[in-house]
Ligand code: BGC
């Protein structure tokens, strides 16, 4: 069966500053310095049953893996990286502006940094890619973190930062993502204690989620004041909670959706022009949460491309355009990714057939990058990066995706499952 996507559908990939740029100094780099040794020592227990453990053991047990450091030098190499994305047929690209670079001290703005991001937007536009800009993707200036971070944010400072970025980038930006995955950030940093600031406090967890919603609303107004026609939303990480049957499972799945998916989107209410959907997980709800598939990524995450159909239906209920802002897998050998992209797009198409207005699909990620507390060993890139030489090499999946883009959709076979 052939499926074609509408003209103007955005095809591309995403990155975030901290994961690719290099040369940053913020609350995460400080945390990396304090935790790299510990993370390296814990790696065998955490990832020992990864399907690629033998290949990654050396990297994963080395503290340098857990320091973002030079990144993949995207700050300096963005021009060549944009060329790569353009050559692969992409028509949109998502990146983030790191607050710590723009406002290294409270009230002191780095005009060179702002000019840099303006150049990134211009370069993207010159190559025919629509810029999708995220204003906050997990990292904070140290002065902001030291004052309590998102448990106690100075939202006037945040608003002033947003104003500066909007002044600098203006209408070059096609889609503004205010904050990335408030619920994941709050869960990892304030409930699980696995990300900075290492807290396990349910009250702080909800406070952070609430404050990030407030930050979104302030940013939404700030952007619209300068750019009335702008498209502004958040990126939210939506898991497919799939009840196995029976009333308790159905109720549990509904509760999980309410608390974990709809909390932000409902509170944002009318202040969103589109929904940014990040999608990675499918959980079967069967008196507990189960993976529901035996296909595993390198991180051990269950891989089920069909689940994107269900989460698109879930967020489609907001009657707004949906931009898939992330969807991807850690797959260093590119064993699953070509199949995964093809199948995921097939299910995106099904959701569109059902009436969900999907504006585009941005695969995560354009480049191999720094995967937060896991560091560099998991490889999410369409384009492989050798961090010794910084050479880039598109994987087969990048070429397969380019062919799908070139055809404006999927060819005959929706894609077979890999062995
Ligand atoms: C984040 C990305 C991350 C990806 C894969 C998302 O939660 O926004 O920064 O790399 O998932 O884990």
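On the Cα set of the stretch 247-406, report Rg and Dmax in Å, please.
16.8, 55
Specify the inter-centroid distance of the stretch 304-340 and the stretch 104-120, based on alpha-carbon positions, in whole Å.
The distance from the Cα centre of the stretch 304-340 to that of the stretch 104-120 comes to 33 Å.
Multiply the residue gap between residue 7 and residue 125 by 0.36 nm, knock off their C-alpha separation, and tell me the result in nm, one decimal place.
40.7 nm
Which order do the peptides 163-170, 323-330, 33-40, 216-223 take when ranked by the mean count of other beta-carbon atoms within 10 Å per residue, highest first?
Sorting 163-170, 323-330, 33-40, 216-223 by mean packing, highest first, produces 323-330, 216-223, 163-170, 33-40.
Go ahead and estimate [θ] at 222 nm for the chain from helices alone: -39,500 (n - 2.57) per DSSP H run with n ≥ 4, summed, over the residue count, rounded to 500. Don't jump to the answer; show the numbers that get you there.
Details: 15 runs with 176 residues, N = 419.
About -13000 deg cm²/dmol.
Hey, what's the Kirkwood Rh for the chain if you take every pair of different alpha carbons, in angstrom?
21.6 Å
With a ≥ b ≥ c the root eigenvalues of the C-alpha gyration tensor of the stretch 1-66, is it rounded (a/c under 1.5), prolate (a/b larger than b/c) or oblate? All intermediate terms of the calculation are to be shown ahead of the outcome.
Numbers: a/c = 4.15, a/b = 1.60, b/c = 2.59.
Oblate, because a/c is 1.5 or more while a/b does not exceed b/c.
What nm value, rounded to one decimal, do you get for the distance between residue 49 and residue 313 when each label is placed 7 Å out toward the C-beta?
A separation of 3.1 nm, rounded to one decimal place.
Can you tell me, using C-alpha contacts under 8 Å and at least 6 residues apart, the relative contact order of the stretch 294-363 as a whole percent? Numbers along the way, then the final one.
Details: 83 pairs, mean separation 31.0, N = 70.
Over the stretch 294-363, the number comes to 44 percent.
Can you grab the distance from the C-alpha centre of the stretch 179-232 to the C-alpha centre of the stretch 236-256, Å, no decimals?
Each part's Cα centre sits 24 Å from the other's.
Can you pull the one-decimal nm distance between simple spin-label points at residue 221 and residue 38, each 7 Å off the Cα toward Cβ?
Result for the modelled spin labels: 3.9 nm.
Nearest 0.05, what FRET efficiency do residue 59 and residue 247 give at R0 = 41 Å with Cβ-Cβ as r?
That gives a FRET efficiency of 0.30.
For the stretch 42-118, just list the percent of Cα-Cα distances falling in each 10 Å bin from zero outward, please.
With 10 Å bins starting at 0, P(r) equals 14, 28, 26, 26, 5.
Taking 22 Å as R0, compute the FRET efficiency from the Cβ-Cβ separation of residue 112 and residue 70 and round it to 0.05. Walk me through the numbers on the way to the answer.
On the way: r = 19 Å, r/R0 = 0.86.
With a Förster radius of 22 Å, E is 0.70.
Taking 7 Å along the Cα-to-C-beta vector as the label spot, tell me the residue 30-residue 406 distance in nanometres, rounded to one decimal.
4.9 nm
Starting from the Cα gyration tensor of the stretch 57-162, take the square roots of the eigenvalues, sort them a ≥ b ≥ c, and report rounded, prolate or oblate (rounded when a/c is under 1.5, otherwise prolate if a/b is larger than b/c, else oblate).
oblate
Only the coordinates and a few stated rules stand behind these numbers; no lab work does. Owing to the predicted nature of the structure, the values given are computational and were not obtained by experimental measurement. Glycine also receives a Cβ, built like all others from the backbone with ideal geometry; neighbour counts cover every protein chain displayed.
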